[in-house]
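To keep things clear, I will list the structure first and then write my remarks on it.
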Amino acid sequence: MSTCAEVREGLPAYVDGALDAEAERDAAEHLAACPACAAEAAALRAILARAAALPAPEPPPAFWREFEASVRARVTTRPAPRPSRWARVVEWTAGLPRLRPAPVLVAASVLGLLLAIGLIRSNRPMQPGPPAEVVTASQDLAIGQDLDLFQQLDLLEEEELLERLDVLRSLDGARPRVT
Amino acid sequence: MHQPDIEAVQRVLAGDTEAFGVLVQQYQQEIYRLAYRMTRNAEDAKDLSQEAFVQAYRALRSFRGQARFSTWLYRIAMNLCLNHLKAAAREDPAEVNGDLPGPRTDALDVLLTDERDRAVAAAVQTLPPQQKATLLLRVQQGLGHREIAEILDCSEGTAKANYFHAVRALQRKLRAFGEGAPGHEHVR
């Protein structure tokens, strides 16, 4: 059984009904056997009952009419508050026609699946062509094949020779020729 | 939430400012009494409770209906009361010194013919503001600890602790007034 000090310490919680079942049982057993602590509990209940019953002065009806009129006068000089954006979104969604859960779930799953496939495919390297750095190397290689032309710069000035630079032409959109 | 409250809030938010009068009529007495019990001053109670409604109107767009409208309104009113008491304590520290006040007659004293009721009212008045708020919300408004925690913006554990501190303080203060326990025999 708990001691008087322990029980008295816990009396506010006991009277409030806030003790757990075991502590409440202990306190009840103690109070049944201890008149002093039982009197303390009764006194505490009396204090709380008096505190609960404390009245407040009741103003006359005219007071309340003036009270309301005063509040109205202060609030009607301001525009009515508008609902917050969030509240409007919630209200708007509440107004939507109710969708049946199963078809909505299926549609959402299909949409999610399609998005996932799209993402995976967009991350995959393009299969037909080589990676970007390989293309660059290939271009260098192709240009290098005509290096002898670049070394004869005076020949390059001749238009027909430039026409032969099919590698340079290929850089204008066509795939470089790699041999 | 109380259905007429929801409807009135929605009407105000839709532009019908007159609908706010429904909410004022519904709660003006509760809020006024709460403010009176916190301040024990009729004029302050009137000003604070009116200000609570005006602030509620201004902030109505932020009310999301997750709590009851009354809880939300209590929170505004209680904040105003606590701030008022803090300001009063700064101006006159003797007002909140933890002692029973000296002889003073106000509207409540006139109503209280029983000396023990007067003593209880006086003891409540000397509690620290947070404890007094918790005690009044619990015993006079009959609110649960969770709702009190929402109103006072604290955890439920803090609300409970404040309440139990307040009750023990009342016990201590009222022993001198004969509301405490009689003699004590130890039981083990």
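The values are calculated or read from the model by the stated rules, or taken from the named source; none is laboratory data. Computed from a predicted model, the values in this text were never measured in an experiment. Reconstructed Cβ throughout: ideal geometry from the backbone, glycine too, with neighbour counts over all protein chains shown.
Restricting attention to the range B:30-44, report how many residues are more than 7 Å from every other protein chain (Cβ to nearest Cβ) and either of a type in the set (S, T, N, Q) or in a helix (DSSP H, G or I) (or both). So that I can check it myself, show each step before the final result.
First, pick out the residues of the range B:30-44 that are more than 7 Å from every other protein chain (Cβ to nearest Cβ): B:30-32, B:34-35, B:38-41, B:43-44.
Right, trim to either of a type in the set (S, T, N, Q) or in a helix (DSSP H, G or I) (or both) and you get B:30-32, B:34-35, B:38-39, B:41, B:43-44.
Matching residues across the range B:30-44 total 10.
Among the candidates B:Arg75, B:Arg37, single out the residue that is basic (Lys, Arg), surrounded by 21 or more Cβ atoms within 10 Å (Cβ to Cβ) and under 16 Å from the mean Cα position of the chain (by Cα).
On the way: B:Arg75 fails: surrounded by 21 or more Cβ atoms within 10 Å (Cβ to Cβ).
Matching residue, one of B:Arg75, B:Arg37: B:Arg37.
Within the range B:32-41, does at least one residue satisfy the condition of being among the hydrophobic types (A, V, I, L, M, F, W, C) and under 15 Å from A:Pro59 (Cβ atoms)?
Going through the range B:32-41, the residues among the hydrophobic types (A, V, I, L, M, F, W, C) turn out to be B:34-35, B:38.
Subset that is under 15 Å from A:Pro59 (Cβ atoms): B:34-35.
There is at least one residue in the range B:32-41 that is among the hydrophobic types (A, V, I, L, M, F, W, C) and under 15 Å from A:Pro59 (Cβ atoms).
Restricting attention to the range A:64-79, report how many residues are more than 8 Å from every other protein chain (Cβ to nearest Cβ) and part of a helix (DSSP H, G or I).
Of the residues in the range A:64-79, 4 are more than 8 Å from every other protein chain (Cβ to nearest Cβ) and part of a helix (DSSP H, G or I).
Scan the range B:135-155 for residues that are over 18 Å from A:Tyr14 (Cβ atoms) and assigned to a helix (DSSP H, G or I) and jot them down. Talk me through it step by step, then tell me what you get.
Taking the range B:135-155 and keeping what is over 18 Å from A:Tyr14 (Cβ atoms), we get B:136-137, B:140-143, B:146-155.
Within the range B:135-155, B:Leu136, B:Leu137, B:Gln140, B:Arg146, B:Glu147, B:Ile148, B:Ala149, B:Glu150, B:Ile151, B:Leu152 meet the criteria.
Determine if the range A:64-79 includes at least one residue that is touching a Cys at 6+ places or on another chain (Cβ under 7 Å) and modelled with pLDDT of 70 or more. Walk me through it before giving the result.
Looking only at the range A:64-79, we keep the residues that are touching a Cys at 6+ places or on another chain (Cβ under 7 Å), and these are none.
There is no residue in the range A:64-79 that is touching a Cys at 6+ places or on another chain (Cβ under 7 Å) and modelled with pLDDT of 70 or more.
One line per residue, one yes/no per condition, for (1) within 7 Å of chain B (Cβ to nearest Cβ); (2) at pLDDT below 95; (3) surrounded by 14 or more Cβ atoms within 10 Å (Cβ to Cβ):
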site: A:Ser2; (1), (2), (3): no, yes, yes
site: A:Gly17; (1), (2), (3): no, yes, no
site: A:Asp20; (1), (2), (3): no, yes, no
site: A:Glu40; (1), (2), (3): yes, yes, yes
site: A:Ile47; (1), (2), (3): yes, yes, yes
site: A:Ala56; (1), (2), (3): yes, yes, yes
site: A:Pro83; (1), (2), (3): yes, yes, yes
site: A:Glu91; (1), (2), (3): no, yes, no
site: A:Ser109; (1), (2), (3): no, yes, no
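Of the numbered conditions (1) touching a helix residue (DSSP H, G or I) at 6+ places or on another chain (Cβ under 7 Å); (2) loosely packed, with under 13 Cβ neighbours inside 10 Å, A:Val7 fails exactly one; give the number of that condition.
Result: A:Val7 passes all but (2).
Considering only the range B:5-19, I want to know if a residue exists there that is over 13 Å from B:Cys81 (Cα atoms), among the β-branched types (Val, Ile, Thr) and more than 10 Å from chain A (Cβ to nearest Cβ). Reasoning before the result, please.
Residues of the range B:5-19 that are over 13 Å from B:Cys81 (Cα atoms), as a first pass: B:5-19.
Next, only the ones that are among the β-branched types (Val, Ile, Thr) stay: B:6, B:9, B:12, B:17.
With more than 10 Å from chain A (Cβ to nearest Cβ) added as a condition, the list becomes B:6.
Yes.
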